[in-house]
Amino acid sequence: MTQPTQLDALMQRGAHFLGTRFAIMAGAMSWVSERHLVSAISNAGGFGVIACGAMTPDLLDREIAATKALTDKPFGVNLITMHPDLTALIDVCAAHQVGHVVLAGGLPPAGAIDRIKASGAKVLCFPPTLTFAKKLIRSGVDALIIEGMEAGGHIGPVSTSVLAQEMLPEIAQQVPVFVAGGIGRGEAIAGYLEMGASGVQLGTRFVCATECIAHANFKKAFIRASARDAVASVQIDPRLPVIPVRALKNAGGELFTAKQREVAQALDEGKLAMAEAQLQIEHYWAGALRRAVIDGDVEHGSVMAGQSVGMVTKEQPVAEILAELVEQATAALERRAA
């Protein structure tokens, strides 16, 4: 497949930063973004990212080693900033000479960025606002991912199109910026690249890849769903800040509401500190997601999906998905140039 010069030129900065053929990153999805999918995406010219999630340092060590056995292409690791073993996880990445570490879940704790960069790795972070983006750039991050509320999993309150318009003109010259959230076709990729993005990140589109280990029930739920089926969870107690999670509507959403009530009551009774309460909420999602992805319980588990889920219509190989996205982006750019 020959990639046209125009798309090459628009992706050049992002592809060079990632060390890949295409400036297309895969979103890190817990239980989904493991060795098989990550290596397949990297082997096909994209950039796979291991979702560390709640893994222990030992588990991450094994996952990185297993991924390296399946690909000699670059891939990254996504670490959650609130993980109690963050420093040890960073050291595991350094020991394996992982080239790119993505920090998710808020402002990185003191020293985290410097520790990652000291190993020679590049650091990517998610800024929810322009002010936050500028602060991260001053802190030394190498690239940013701006993710809108259309995305699956943990989301912010602002749409991708608004964030892109607000942030790209201000920061795209300073560091490579990847746009994420609700991207399901190449036309959108072309549009964001023309706005100044160095590349894009997609998660939902890769869930039904042949190489993805997700349960057949999980994939079927994606193929059947439309955009309006992917809804955000609701926070019920103002004292218990909950980052909304976008997932397909099911009984699992009601279970999360019940879990919030249970944790709020424990806070009321002084049985839990705030940090522990937030960790319990995070662990709930990890467990609920595993039930859906691995066990196939798509009714009571959490079927995290972005609003682009309506554009997932069949199971297909990663290479085919990437080829489709590139062809669509190319055609869109050619139409605009005509």
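The values are calculated or read from the model by the stated rules, or taken from the named source; none is laboratory data. Since the structure is predicted, the reported quantities are computational estimates derived from the model, not experimental observations. Positions of Cβ are backbone-derived with ideal geometry, glycine not excepted, and every protein chain shown enters the neighbour counts. We work out accessible area using only protein heavy atoms, side chains counted, and drop any ligands, DNA or RNA first. Shrake-Rupley method; radii C 1.70, N 1.55, O 1.52, S 1.80 Å.
For segment 203-246, which positions are closer than 27 Å to residue 272 by Cα and under 19 Å from the mean Cα position of the chain (by Cα)? Lay out the reasoning, then the answer.
Going residue by residue through segment 203-246, those that are closer than 27 Å to residue 272 by Cα are 232-246.
Answer for segment 203-246, where residues must be closer than 27 Å to residue 272 by Cα and under 19 Å from the mean Cα position of the chain (by Cα): 232, 233, 242, 243, 244, 245, 246.
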Name the residue, out of 318, 303, that is crowded, with 18+ Cβ neighbours inside 10 Å, under 18 Å from the mean Cα position of the chain (by Cα) and farther than 23 Å from residue 149 by Cα.
318
Please identify the pairs in which a residue from segment 141-163 that is over 20 Å from residue 29 (Cα atoms) has its Cβ atom under 9 Å from the Cβ atom of a residue that is among the polar types (S, T, N, Q) and surrounded by fewer than 18 Cβ atoms within 10 Å (Cβ to Cβ), counting only partners at least 6 apart or on another chain.
158/129; 163/129
Looking only at segment 117-135, and only at residues there that are crowded, with 17+ Cβ neighbours inside 10 Å and touching a Leu at 6+ places or on another chain (Cβ under 8 Å), the one that is farthest from residue 57 (Cα to Cα)
133
Report the residue count in segment 324-338 for those that are open to solvent by 10 Å² or more (accessible area, probe 1.4 Å) and either in contact with a Lys or Arg (Cβ under 8 Å, 6 or more places away or on another chain) or closer than 22 Å to residue 151 by Cα (or both).
2
Pairs where the first residue, in segment 83-95, is over 15 Å from residue 50 (Cα atoms) and the second is at pLDDT 95 or above and among the polar types (S, T, N, Q), C-beta under 8 Å, 6+ apart:
85/56
I want to confirm something. Restricting to segment 97-109 and keeping residues that are touching a Leu at 6+ places or on another chain (Cβ under 9 Å) and in a loop (DSSP other than H, G, I, E, B), which single residue is nearest to residue 32 (Cα to Cα)?
105
For segment 182-198, give me each residue that is open to solvent by less than 10 Å² (accessible area, probe 1.4 Å) and either β-branched (Val, Ile, Thr) or on the phi > 0 side of the Ramachandran plot (or both).
183, 189
Hey, residue 279 aliphatic (A, V, I, L, M), open to solvent by less than 50 Å² (accessible area, probe 1.4 Å), at pLDDT below 90 and out of contact with any Ser or Thr (no Cβ under 8 Å at 6 or more places or on another chain) or not
yes
Taking segment 96-110, which residues are in contact (Cβ under 8 Å) with a residue 24 or more places away in the chain and of a type in the set (Gly, Ala, Ser)?
99, 104, 105, 106
Is at least one residue of segment 285-295 of a type outside the set (S, T, N, Q), surrounded by 13 or more Cβ atoms within 10 Å (Cβ to Cβ) and assigned to a loop (DSSP other than H, G, I, E, B)?
yes
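Please list, ordered by residue number, the strands (runs of 3 or more DSSP E) wholly in segment 159-269 having 1 or more residues that are farther than 24 Å from residue 40 by Cβ. Give the steps one after another, and end with the answer.
Details: elements: 177-180, 199-202, 230-232, 245-248.
Because the criterion is at least 1 residues that are farther than 24 Å from residue 40 by Cβ, the strands (runs of 3 or more DSSP E) in segment 159-269 that meet it are 177-180, 230-232, 245-248.
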Checking the condition over 30 Å from residue 7 (Cα atoms) and of a type outside the set (Gly, Ala, Ser), which residue from 315, 324, 282, 320 passes?
282
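Could you identify the single residue in 243, 213 that is under 23 Å from residue 318 (Cβ atoms) and open to solvent by 20 Å² or more (accessible area, probe 1.4 Å)? Working first, answer last.
Working: 243 fails: under 23 Å from residue 318 (Cβ atoms).
Testing whether each residue is under 23 Å from residue 318 (Cβ atoms) and open to solvent by 20 Å² or more (accessible area, probe 1.4 Å) leaves just 213.
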Given (1) without any contact (Cβ under 8 Å) to a residue 60 or more places away in the chain; (2) on the phi < 0 side of the Ramachandran plot; (3) out of contact with any Asp or Glu (no Cβ under 9 Å at 6 or more places or on another chain); (4) not charged (D, E, K, R), identify the lone condition not met by residue 225.
(1)
